[in-house]
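Some notes on the structure that comes next.
The values are calculated or read from the model by the stated rules, or taken from the named source; none is laboratory data. Quick caveat: nothing in here was measured; it's all calculated off a predicted structure. With ideal geometry, Cβ positions are generated from the backbone for all residues, glycine too; neighbour counts draw on all protein chains shown.
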Amino acid sequence: MQHTSLIDQKLERLRADEAELIITRSAMLADAVDCSMNPSNPAGTFPGLPSFQLLTSEDALKMLAEFPSSVVTGWYGFVFGVLWVYLMKLTRRVRQPAASGLLKVLIGGVLLVAAHKVFRRRTVRITKQCSVTEDVSSSPTGPCRVVCNVLTLSNSHAGTHADTPFHFTRDQEEAGFNLMQYNGSACVLDVSSLLEERKSRAITIGVLEAVERSSGITLTTQWRILFRTTKGTTVPPAYFDIDAARYLASLPNVVMIAIDSISVDHTSMSPICEGAHGAFFSDRVAIVENVVLNQVPIRQSSGGIRGVVRTVFHPTQAHQDSWGCSVWFSPS
């Protein structure tokens, strides 16, 4: 496909451009800023979706189990009781004792089976404690504590994560992104003040042009761009205007875009394959969401800083539609 060949060309240039960088900077982590968001942070997920949390038995019951109404269950019992009494009275009208007895057994069996099916669906049964700490040490002099029967509640886009094509493409067989796209030279651009001035949360081409002038960072030469859209205050999540997303995707070098919002699209955008997600994917630009960039040392007057980004993916957070990760940024 065309976009596959385009990203292949970019990666070939990327390998040549960063050959020396990989050797000289790959082991330097001392100056790195952790830009990862904990999946348990409620701000890092869509409204209505659960953030990561460890469940106890009581939590699991409250969040995952649906308790049947005791009033409705009582009425079911009352109805079965009335039916039993009424049908037993009817059997008394049968004059032959053998037939009357057989009818009672038949009616009783039918009511018993029906009651069993109804009441079985209206019970909650917990067989084991979940997410409990146990001391598995065989010595009385020291503990060895382990959390057993771990049960968690989360969603695949909680915390810092990289979107996979499965998240937004109609073709579920699309291949994922190359790991090179997430590691190497990068820049962080601070557009938070520009968004405040415009009283909008949309990153437009005008915003991109303004931050390019103030930071002195030429976008056409960048491989990976991380966008800081908030100064740490609680504001609606920022997103990319479709034209800005198309512009970034069309740049000759860009292979990854990251943002400190829950999505590169507006939360009401649907379908996202026709929004910023689709625009970036048209040129196979990788997407990372929910990065935390408040600690990156950007001078207020500059609006941007160059450096190196490192992304480590967590096997326990690998999903079809996203891959949970930790992101570090080392300023140059």
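Selection of the stretch 165-188 for residues being surrounded by 15 or more Cβ atoms within 10 Å (Cβ to Cβ) and closer than 24 Å to I272 by Cα yields P165, F166, H167, F168, T169, E174, F177, N178, Q181, Y182. Tell me yes or no: at least one residue of the stretch 117-131 is in contact with a Ser or Thr (Cβ under 9 Å, 6 or more places away or on another chain), under 30 Å from P42 (Cβ atoms) and free of Cβ contacts under 8 Å to residues at least 40 places away in the same chain. Yes.
Of all residues in the stretch 222-263, those that are buried (at least 22 other Cβ atoms within 10 Å of the Cβ) and basic (K, R) total 2. Among the residues making up the stretch 247-263, those that are assigned to a loop (DSSP other than H, G, I, E, B) and either closer than 14 Å to V191 by Cα or at pLDDT below 90 (or both) are D260, S261. Residue-level check: of (1) surrounded by fewer than 21 Cβ atoms within 10 Å (Cβ to Cβ); (2) touching a Ser or Thr at 6+ places or on another chain (Cβ under 7 Å), A162 misses just (1).
Within the stretch 143-246, which strands (runs of 3 or more DSSP E) (wholly inside it) include 2 or more residues that are touching a residue at least 12 places away in the same chain (Cβ under 8 Å) and farther than 27 Å from Q320 by Cβ? Explain how you work it out, then say what you get.
On the way: elements: 145-148, 161-163, 184-190, 224-228.
By residue number, 145-148, 184-190.
Evaluate the stretch 289-297: report whether one residue or more is more than 15 Å from the chain's Cα centre (by Cα), closer than 25 Å to E196 by Cα and without any contact (Cβ under 8 Å) to a residue 12 or more places away in the chain. Among the residues of the stretch 289-297, not one is more than 15 Å from the chain's Cα centre (by Cα), closer than 25 Å to E196 by Cα and without any contact (Cβ under 8 Å) to a residue 12 or more places away in the chain, which makes the answer no. Within the stretch 19-73, the set of residues being at pLDDT 85 or above and part of a loop (DSSP other than H, G, I, E, B) comprises A32, C35, S36, M37, N38, P39, S40, N41, S51, F52.
Out of all the residues in the stretch 282-293, is one or more within 19 Å of F168 (Cα to Cα) and surrounded by fewer than 21 Cβ atoms within 10 Å (Cβ to Cβ)?
yes
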